[in-house]
1. Take Thr58 and tell me if it is of a type in the set (S, T, N, Q) and in contact with a His (Cβ under 9 Å, 6 or more places away or on another chain).
2. Select from the stretch 235-254 the residues that are in contact with a Pro (Cβ under 8 Å, 6 or more places away or on another chain) and closer than 19 Å to Gly371 by Cα and list them in ascending order.
3. Just to be sure, is Ala263 assigned to a helix (DSSP H, G or I), in contact with a helix residue (DSSP H, G or I) (Cβ under 9 Å, 6 or more places away or on another chain), under 28 Å from Gln346 (Cβ atoms) and at pLDDT 95 or above?
4. Answer yes if at least one residue in the stretch 268-290 is open to solvent by 60 Å² or more (accessible area, probe 1.4 Å), part of a helix (DSSP H, G or I), over 20 Å from Asn384 (Cα atoms) and touching a residue at least 60 places away in the same chain (Cβ under 8 Å), and no otherwise.
5. Can we say Ala13 is farther than 17 Å from Ala424 by Cα and either β-branched (Val, Ile, Thr) or not in a helix (DSSP H, G or I) (or both)?
6. For residues in the stretch 64-84 being modelled with pLDDT under 95, assigned to a helix (DSSP H, G or I) and closer than 19 Å to Phe427 by Cβ, which is nearest to the chain's Cα centre (by Cα)?
7. Among (1) hydrophobic (A, V, I, L, M, F, W, C); (2) crowded, with 21+ Cβ neighbours inside 10 Å; (3) modelled with pLDDT under 90; (4) in contact with a strand residue (DSSP E or B) (Cβ under 6 Å, 6 or more places away or on another chain), there is one condition Ala46 misses while meeting the rest; what is its number?
8. Can you give me the number of residues within the stretch 205-234 that are open to solvent by 40 Å² or more (accessible area, probe 1.4 Å), modelled with pLDDT of 85 or more and not acidic (Asp, Glu)?
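The values are calculated or read from the model by the stated rules, or taken from the named source; none is laboratory data. Model, not experiment: these values are computed from the prediction. Every residue, glycine as well, gets a Cβ built from its backbone with ideal geometry; the counts of neighbours run over all protein chains shown. When the accessible area is computed, the model is the full protein with side chains, heavy atoms only, and any ligands, DNA or RNA have been set aside. Shrake-Rupley method; radii C 1.70, N 1.55, O 1.52, S 1.80 Å.
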Amino acid sequence: MNLVDTTVQAFTAGGLLSKMALAYTPRQGQIDMARAVAQTVQGGGALVVEAGTGTGKTFAYLLPALLSGKRVLVSTATKTLQDQLHGRDIPALAALLNLPIRLALLKGRSSYLCQERVESARQGDGPPLDRGALRLLARIERWAQSTKTGDLAEISGMDERSSVIPAVTSTRDNCLGSDCPKAKTCFVNLARKEALAADVVVVNHHLFFADMAVRESGVAELLPSVDVVVLDEAHSLNETGIQFLGTVLSSHQVFDLVHDALAAGLQHARGLCEWHALAASLENAMRDLRLTTASHNSSGRGARSIRVNWFGAVPDAVESHAWHEALAGLQTAAAELHQGLQTVAQLSPELARLADRADELVGRCITFTEGCPRDAVRWLDAGNPMRLVQSPLDVADSLRSRVWPPPAATPSGEPTRSEPSRKAWVFTSATLGDDERLSWFTDA
């Protein structure tokens, strides 16, 4: 029996799913979707399917994907659904099908404990923490002694907005990579190794697109090796992709760089540069830029972000001369810090990484000094943090190039006829369009 027939039979009365739940009732919509997914998994190509609430779309794509025996990557819109798939749905189906699959969960680095930064936080090297934050830090330290994964989701009742989280996790900017003394036991590295060896990997859209942008989360290594890619809650792909496939300059980036550069400079290169002066110059330059948007922060809405249109040379209702002068001042201060860090970069991996971060900040300043490209859009998030954002108008081209990669060249140098990848791509959501062609999504 082929995959399509086996799949359909599993969803009928008396089939595999009825053994899993006595109250199971066959639903035609679920059977139709499962059949279409099985056909796509079997033959390759792309499937876009809308399945309304109550259809049972999760099992409709999981069951044929697991039955196929192929390597599968599932991406979801939220960490909550990601944890549900990894902790409940996929293990339950695998047990029902008697499939000994290797299952892995892969999240962004901010979801995993960084042992090096925990040690720094314990020593008081990070920003000062209040009493409640210190209690949470102590709780995290106790948990760190027994965790196998380092996934902070294991800690029940923890507020994801806590100031402790950035103190005990790493970012792409401050991670020391292979130069970190804890690299061999790094939870992020361990999660990636598990994912590379797994049969089924569950990620989320934020990680999926972050990897497209910077190639550092491990998804880029996974994609060529998987046969089936399922993008659940696909209606959110454009919004999520726009956040990652553009350029962001934020006050958090700047203030984090100021703090880290000052701490590392004093620790590894005290007396070799005017670290306090360089840090103060960059911090003040960022504050000057924020002051140019004061009119947007005076509405009594506190720290809540206010999105400001940016169609011309400067954001709406921002004085042009003051904006350009402040942005130029930020670029100059970042360049001076970069120069200082470059002179001592050989003294430690941390200083070398900080030099790269300062150089990247200079590049972001230049991006927002120049005009906005025709295929992009800009806006300002006024608030705390303040963010300058430039994103592509849509993510269709970036995603399309992965579903239908450019044609390979023949030995003569001529491209071959473009054909859909034999990898199976399944895009599904409860809301993808208001017509049968789902043109809102498929024509993007």
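1. no
2. Those that are in contact with a Pro (Cβ under 8 Å, 6 or more places away or on another chain) and closer than 19 Å to Gly371 by Cα: Ile242, Leu245, Gly246, Ser250.
3. Answer is no for this residue.
4. Looking through the stretch 268-290, at least one residue is open to solvent by 60 Å² or more (accessible area, probe 1.4 Å), part of a helix (DSSP H, G or I), over 20 Å from Asn384 (Cα atoms) and touching a residue at least 60 places away in the same chain (Cβ under 8 Å).
5. Spelling it out, Ala13 is indeed farther than 17 Å from Ala424 by Cα and either β-branched (Val, Ile, Thr) or not in a helix (DSSP H, G or I) (or both).
6. Across the stretch 64-84, the extreme among qualifying residues is Gln82.
7. Going through (1) hydrophobic (A, V, I, L, M, F, W, C); (2) crowded, with 21+ Cβ neighbours inside 10 Å; (3) modelled with pLDDT under 90; (4) in contact with a strand residue (DSSP E or B) (Cβ under 6 Å, 6 or more places away or on another chain) one by one, Ala46 breaks only (2).
8. Matching residues across the stretch 205-234 total 0.
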